[in-house]
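Notes to accompany the following structure.
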Amino acid sequence: MRGATHAKWAVCAVSVALAATACGGGGSDDGAGIVRSSWGDPQNPIEPANTNEVQGGKVLDMLFRGLKRYDPKTGEAQDMVAEKIATTDQQNFTVTLKDGWTFSNGEKVTAKSFVDAWNYGAHIDSKQNNSPFFANIEGYEDVHPESGNAKAKTMSGLVVKDAKTFTVKLNEKFSSWPETLGYQAFSPLPESFFKDHEAWLEKPVGNGPYTVDSYTKGASMKLRAWDAYKGPDKAKNGGVDLVVYTDNNTAYTDLLAGNLDLVDDVPAKQLKNVKADLADRYINQPALIIQTVVFPMYDPRWGKPGMEKVRTGLSKAINRDEITKQIFEETRTPATDWTSPALHEKGGYKAGLCGDACEYDPEQAKKLIEEGGGLPGGKVQLTSNVDTGSHREWMDAVCNSINNALGKGSVCTVNPVGTFADFKNQQSNFKMTGPFRSGWQADYPLIQNFLQPLYATGGSSNYGKFENKDFDRLVREANQESDQAAAVAKFQDAEKILADQMPAIPLWYQNGSAGYSELVSGVQLNQFSVPVYDQIKVD
Amino acid sequence: MGRYVIRRLIQMAPVFIGSTFLIFMMVFALGDPVAALFGDKAPDPATAARIREELYLDQPLWKQYLHYMGQIFQGDFGTAFNGQPVTELMAAAYPVTLRLTMVAIFIELVVGITLGVLSGLKRGHFIDSSVLVLTLVVISIPTFVSGYVLQYLFGVKWDVIRPTVSVDAPLNELILPGIVLALVSLAYVTRLTRTSIAENVRADYLRTAVAKGLPRRRIITRHLLRNSLIPVVTFIGTDIGSLMGGAIVTETIFNIHGVGYQIYQGILRNNAPTVVGFVTILVIVFLIANLLVDLLYAVLDPRIRYA
């Protein structure tokens, strides 16, 4: 029969399609004492010197312990693997390690584990995102030249003395350098990392309180408490299951349904319900993140002398209180300096340092802008990527606030950029013609990290190309100060220059938020808004 | 028949090359992805240059495309930024999406055709008008609304099912997402079947069949339905393609790590290998689905022949 042969062909083709779906399946083991937590797919492979965002950072924080670790509450850098880090001249440091630290594969943590890891992280051939963190070690430009091939395999500033000791020589004096060592890029690496890199990336091995049980890239990672861990912060739970969610709304739904214990990013849409849904199982606390609007100082229309009045005027035209309340439901706090409250007073945060210039005053704003010669071309355009973070909403609100204050119709407009990648390109190629958003998450809780990379001449993330001799001098002096309080005071003096010049308008400090289930307790966020997993108890 | 199939398969080659080039060009136009890898920080120029060199991004567009196609013919679809080969991503994502699509298509076929036949046979009756209203309502509700509402009701409020799909995505967890995905198409299938049935009920051959005294059941399934299904089959065929690529919303709501998720992620990160690789496979799926539809015509209507 004619029809039957036709049908055979069709059935044949369909069965090929069916066969493809036969794979997959299999159950999951639900162990006791396991914390189920939401996760996002890390952008880069998980390795200490290549991870620069929170999602990969979560894993590293469980897998690794470096020389120092920041106290989740106070942000103080406390010795972990380091016994002591000594210096007499703020430039040459001798690092001594504690006894008894091992990697979970049995290897000992030695001076070599650190030196090898740092040399690897700095080397241009390793293509690690975080290599600039090693830039102040002597010999960095030999392993990481601006162009061309590396001239050396290792940095001359790193010397292994014995199994427990190594010395570090920096390019220039930097008194708070030991305090930067809590950053994950400075983690030690076992031999197995260098021997079989591929295998290590499939299943990372570190010296922290957890080990990787299984890792399905893009989907989930199961971490289990490492029984033989000797450090002071042994895990208080049996392990952590990280599950990748594409949408934080879905993760939140799963939390409500009891499928998840911890969501470390409460979606903006749910902020109105979160109190009713979770009662006191909701955390909203300052993190080391500040959002600013940066002016392109390389564009003379914005950067020429006299324009500081216009820039300050715009700052005064923004009603930060209203916007943080209405749009962010108080998950942002109006900024009054260029650092973050998560630094604490001791670390250099000073409420109100910006003074008048950050206070909402439409009358004054209008006057200042007129005195400064008005907006360039009578217009201002705000630029940001709008694919994440409610950026579109707050930019509209900021523009409304400015337009209302100036009373000249819609002089402020929004320039939405579709993707973060595109926005970053415009930003780092210095192609902006008007103010643009700049978010900054500090790498370590130091005031230096909020100022030097962003506003010093030639700073690695000085997107506005702000240049000021006094500012540079104060930062340099602060870095040479051996006394922490004196260093902070110098940095704050430098910050006052920002208040005068207003190269970047501080908008608000961003909080970290989290919600958790009734099954867990002891949940807290550190200053990087990452949950402190080892402290979570499962009831 | 066999020759026809082979001819169609050969015709796919130019379509394949043309569409991959267009997609490649569009992703290329999105701009340089390397800067975004560095987060809020400014990219380190030396490292960024190395990454560009490795990904062939420092070459002109045509060279990049040739290089990419050369790789594809060796079975290498490139590497995503997180270090995973794209083929690995595909092996993980396609089975999941395919399973979801089949659940959706199954629901569309069973429910859609049944409702369509019922309302087609009982034109103007109560059942016809209620199906009409129902399909109207379904068509006018966007997928994300029905998705979130059903998820909340079944997953959180009544606690009947898991609100999200686990990593392995077993079939039973895909039923609700499948329903959500099927809803809109289901309404179209119902409408198409109804119209087609209503038309063919008055056809001469059907009157002959009735006059011959055939049992009603045989008349409906063998004579009426089979001839009425041609437009429905065409619709389902193209729907397979769009369901497999366009399930982004449903996949996001139910946290299914399928094709939609990977493409979305790829676009956000300007990751050309992921986007082009996945869309290329989608193009092939579309082409094959169309071929199957054409072959099915012949099964349904013996007057159509291929040689």
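Can you work out the base-10 log of I(q)/I(0) for region B:91-300 at q = 0.16 1/Å, using the Debye formula on its C-alpha atoms alone? Ignoring solvent entirely, the Cα scatterers give -1.07. If you sort the three axes of the alpha carbon gyration tensor as a ≥ b ≥ c, you get a/c of 1.5 or more for region A:84-188 and a/b no higher than b/c, which makes it oblate.
Remark: mean inter-chain Cβ contacts per residue of B:25-38 equal 5, using a 10 Å Cβ-Cβ cutoff to other protein chain atoms. Per-residue ellipticity at 222 nm from helix content only, as computed over chain B with -39500 (n - 2.57) for each DSSP H run of at least four residues, stands at -21500 deg cm²/dmol.
Could you tell me which of rounded, prolate or oblate describes chain A, using a ≥ b ≥ c as the square roots of the eigenvalues of the alpha-carbon gyration tensor, with rounded for a/c under 1.5 and, failing that, prolate when a/b is larger than b/c and oblate otherwise? Provide the component values of the computation, followed by the final result.
Numbers: a/c = 1.67, a/b = 1.17, b/c = 1.43.
Oblate, because a/c is 1.5 or more while a/b does not exceed b/c.
Suppose every K and R has +1 on its Cβ and every D and E has -1 on its Cβ; what is the size of the dipole of region B:91-300 about the Cα centre, in Debye to the nearest 20?
For region B:91-300, the charge dipole is close to 920 debye.
Here the Karplus relation 6.51 cos²θ - 1.76 cosθ + 1.60, evaluated at θ = phi - 60°, turns the backbone of region A:504-509 into coupling constants of 8, 8, x, 9, 7, 8 Hz, with x for every Gly and Pro. Highest mobility in the GNM of chain B, judged by mean-square fluctuation with C-alpha springs under 10 Å and restricted to B:ILE179, B:ILE284, B:ILE72, is found for B:ILE72.
Starting from the Cα of B:PHE16, step 7 Å toward the Cβ, then list every residue of region B:56-84 with an amide N under 17 Å from that point. Output list for this probe position: B:66-78. In loop segments of region A:255-327 as defined by DSSP, the trypsin sites (Lys or Arg not before Pro) with at most 15 further C-beta atoms inside 10 Å of their C-beta are A:LYS272. Using alpha carbons only, how many degrees (0 to 90, rounded to 10) separate the axis of helix B:86-107 from the longest principal axis of chain B? Taking the Cα atoms of chain B, the angle to B:86-107 is about 20 degrees.
If you run the Gaussian network model on chain B, springs between alpha carbon atoms under 10 Å, then out of B:GLY245, B:GLY75, B:GLY39 the most flexible one is B:GLY39.
Quick one: Cα centre-to-centre distance for region B:121-166 and region A:191-255, in angstrom? If you average the Cα positions of each part, the centres end up 39 Å apart.
Helix screen, chain A: DSSP H segments with Cα axial length of 15 Å or more and mean Kyte-Doolittle hydropathy at least 0.5 are A:2-20. Between B:GLU88, B:GLU173, B:GLU53, the residue with the greatest mean-square fluctuation in the GNM of chain B (Cα pairs under 10 Å linked by springs) is B:GLU53. Among the GluC sites (Glu not before Pro) in region A:322-428, those placed in a DSSP loop whose Cβ has at most 14 other Cβ atoms within 10 Å are A:GLU330.
Taking 8 Å as the Cα distance limit and 6 or more residues as the minimum spacing, I'd like the relative contact order of chain A as a percentage. Don't skip to the end; give the middle numbers.
Numbers: 1081 pairs, mean separation 100.6, N = 539.
Once normalised by length, the contact order is 19 percent.
If you sort the three axes of the alpha carbon gyration tensor as a ≥ b ≥ c, you get a/c of 1.5 or more for region A:145-199 and a/b no higher than b/c, which makes it oblate.
Quick check on chain A: helices-only [θ] at 222 nm, where DSSP H runs of length 4 and up contribute -39,500 (n - 2.57) each and the sum goes over total residues. Nearest 500, please. Walk me through the numbers before you get to the answer.
Numbers: 18 runs with 168 residues, N = 539.
Theoretical 222 nm ellipticity from helices: -9000 deg cm²/dmol.
For region B:69-162, take N as its residue count and report Rg(C-alpha) divided by 2.2 N^0.38 Å. Don't skip to the answer; put the middle values down first.
On the way: Rg = 20.9 Å, N = 94, 2.2 N^0.38 = 12.4 Å.
Rg over 2.2 N^0.38 Å, computed on Cα atoms: 1.69.
Most simply put, the protein assembly as shown has about 80% antiparallel DSSP beta bridges, counting only bridges with both residues inside it. Per residue of peptide B:46-52, the mean number of Cβ atoms on other chains within 10 Å of the residue Cβ is 5. Structural descriptor for chain B: relative contact order 27 percent, calculated from alpha carbon pairs under 8 angstrom and at least 6 residues apart. Modelled label positions at A:ASP89 and A:ASP493, each set 7 Å beyond Cα in the direction of Cβ, lie 2.5 nm from each other.
For region A:286-511, what is the percent of antiparallel DSSP beta bridges, rounded to the nearest 5? Present the calculation step by step, with values, prior to reporting the outcome.
On the way: 16 of 23 bridges.
That works out to approximately 70 percent antiparallel.
Every number here is computed from the coordinates shown, using simple stated rules; none is lab data. The shown structure was predicted, so the numbers you read here are calculated from the model rather than taken from an experiment. Every residue, glycine among them, receives a Cβ derived from its backbone with ideal geometry; neighbour counts consider all protein chains shown.
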